[in-house]
1. Using θ = phi - 60° and the Karplus curve 6.51 cos²θ - 1.76 cosθ + 1.60, what whole-Hz ³J(HN,Hα) does each residue of the range 96-103 get, with Gly and Pro shown as x?
2. Averaging sequence separations of C-alpha pairs under 8 Å and six or more residues apart, then dividing by the length of the range 1-112, give the relative contact order as a whole percent.
3. To the nearest 20 debye, what is the magnitude of the charge dipole of the chain about its Cα centre, counting +1 on the Cβ of each Lys and Arg and -1 on the Cβ of each Asp and Glu?
4. Using R₀ = 41 Å, calculate the FRET efficiency as 1/(1 + (r/R₀)^6) where r is the Cβ-Cβ separation of Leu73 and Ala186; round to 0.05.
5. Classify the range 7-191 from the C-alpha gyration tensor, please: rounded if a/c falls under 1.5, else prolate or oblate depending on whether a/b exceeds b/c.
6. In nm, to one decimal, how far is the Ala14 label point from the Ser41 one, both placed 7 Å along Cα→Cβ?
7. 222 nm [θ] for the chain, helices only, -39500 (n - 2.57) per DSSP H run of 4+, per residue, to 500?
8. Of the options Gln84, Met12, Leu58, report the single residue whose Cα projects farthest towards the positive end of the charge dipole of the range 1-104 (beta-carbon charges: Lys, Arg +1; Asp, Glu -1).
Amino acid sequence: MNKPLSLPGLLMLAPLIGATDSSVKGIGMALAWVLLISFYSAGMHVLRRHIDGQRQWLASLLLSASLGSCLWLALQAWSYELHQQLSLYLGLLALQCAVLEHAGFFQHRHQLGLAGAFCGALIGLGALRELLGSGTLGSHLGWLVGLPDSGNGWVVLPHGGLRLLTLAPGGFILLGLLVAAKQAWAGSSTFNRPPSRK
């Protein structure tokens, strides 16, 4: 833990924990984030050439708020049920765009890898929390295509799971365990590496 937490990382933590108690919500959040980030990046790419440094911050805020509102309305029209589940976090995505712009994320050459890792974390954590928390996978899958309710999905664990994992504290616990397992795996792979010959 030698890297300090930054504001963009902290803003990504709220949707990662709050909006991923099911795989459908994780997928929906990832799709919403990709759409918003793509349109924002394209818009700021055009605006950066015509606006100087001091006004770019205001343009960034206006663009992110406008695109966030459009995304909020589009999701409400597309799938009202999914909109009810994710609407709290869509505003955070718009704020996240402006903060990422200020942090220089869009000038970073590895931005696709970082965006893919965040989307993978949203989808993976959502599927894992749904599987271990309620024992199902893919419940309410029809929300992604605008259908009202499509049932309970595939029942993987017939007796259900640990209900705590579908709540926010359970999401923090599971995310902490996953981060610890990743660090232990990385530590053991560097520990077992044979020494290099010179």
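1. Rounded to whole hertz, the list is 5, 4, 5, 5, 5, 5, 5, 7.
2. About 35 percent, as a whole number.
3. Result for the chain is approximately 960 debye, rounded to the nearest 20.
4. Numbers: r = 43 Å, r/R0 = 1.04.
In this case the efficiency is close to 0.45.
5. oblate
6. That separation, rounded to one decimal, is 2.3 nm.
7. The per-residue figure over the chain is -24500 deg cm²/dmol.
8. Selected residue: Leu58.
None of the figures in this text is laboratory data; all of them are computed from the coordinates on show. Remember, it's a predicted structure, so these values are computed and weren't measured experimentally. Quick reminder, even Gly has a Cβ in these numbers, built from the backbone with ideal geometry, and neighbours come from all protein chains shown.
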